Amino acid sequence: MSHIPAYVYCLFLLLLWMGISRCLPRTIRVERLAIMPVLMAILGFRGFEGLFSQPTMFDLLAAALGLCAGMAIGWHHVRTWNIGVDRERGSLSLPGDVMMLVIILATFAFEFLLHAAAETHSIWFSAPAVPSVAAAIWAGFIGMSVGRNLHLFSRYMNVPVEPVDQAG
């Protein structure tokens, strides 16, 4: 690839920092659970749109299946975590985990491979199944982040808010 824009390096470093920070135990506000799934979705849609002209129904079906599979993997991954919930502060205490770092690195490697194949006119890139497989893989990465964070959010919501003392 002849030119990689500078913003790609900055974005990669930002996401790498976010992934590494998730390897350590931390306390986050519950609203932050939306950041990575939204960011992954934007990058996935932008990446797919930049490489393939128009998604077919089969591409959309493959993406839906990839999203469901990724969500199941993400949901299953965090089901045994011991988390702390503070509903008054709206925060979650989470253990360190390498999953998000792996998702980020795999997503960048996958997208780099596709862009390199497109620019070098690799024979395999012109195969009819490539857009569908790419859609499924991208959606799978998005789904892992979504499933993980939906599970954490559902566990947060299942903890009752402490009632206000109404002693009289």
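Checking S132, S154, S145 one by one, the residue that is within 19 Å of I20 (Cβ to Cβ) and either at pLDDT 90 or above or not in a helix (DSSP H, G or I) (or both) is S145 and no other. All conditions in (1) in a loop (DSSP other than H, G, I, E, B); (2) under 13 Å from the mean Cα position of the chain (by Cα) hold for E162, with the sole exception of (2). Is it the case, given these coordinates, that I28 is in a helix (DSSP H, G or I) and either within 15 Å of the chain's Cα centre (by Cα) or surrounded by 14 or more Cβ atoms within 10 Å (Cβ to Cβ) (or both)? When the stated conditions are applied, I28 does not pass them. Considered as a group, the residues in the stretch 46-60 that are within 27 Å of F153 (Cβ to Cβ) and in contact (Cβ under 8 Å) with a residue 60 or more places away in the chain include one that is farthest from the chain's Cα centre (by Cα), and that residue is L60.
Listed by first and then second residue, the pairs with beta-carbon distance under 7 Å, at least 6 apart or on different chains, first residue in the stretch 79-96 and more than 11 Å from R29 (Cα to Cα) and charged (D, E, K, R), second at pLDDT 90 or above and not in a loop (DSSP other than H, G, I, E, B), are R79/H151. Between I35, I73, the distinction of being of a type outside the set (S, T, N, Q), under 19 Å from L15 (Cβ atoms) and under 18 Å from the mean Cα position of the chain (by Cα) belongs to I35 only. Of the residues contained in the stretch 34-49, one or more are found to be aromatic (F, W, Y) and either in contact with a helix residue (DSSP H, G or I) (Cβ under 7 Å, 6 or more places away or on another chain) or surrounded by 15 or more Cβ atoms within 10 Å (Cβ to Cβ) (or both).
Got a sec? Which of A41, A64 is at pLDDT 95 or above and under 15 Å from the mean Cα position of the chain (by Cα)?
Only one candidate passes the filter, namely A64.
Taking (1) surrounded by 14 or more Cβ atoms within 10 Å (Cβ to Cβ); (2) over 17 Å from S154 (Cβ atoms); (3) small (G, A, S) in turn, S91 satisfies each apart from (2). The condition (being assigned to a helix (DSSP H, G or I) and among the aliphatic types (A, V, I, L, M)) is satisfied by just one residue among L92, L113: L113.
Contact map, the stretch 99-125: first residue over 18 Å from W17 (Cβ atoms), second residue among the aromatic types (F, W, Y), Cβ cut-off under 9 Å, separation 6 or more or different chains; pairs are F110/W138; F110/F141; E111/W138; L114/F125; A117/W124; A117/F125; A118/F125.
The values are calculated or read from the model by the stated rules, or taken from the named source; none is laboratory data. These figures come from a predicted structure and were not determined experimentally. Virtual Cβ from ideal backbone geometry, glycine too; neighbours counted across all protein chains shown.
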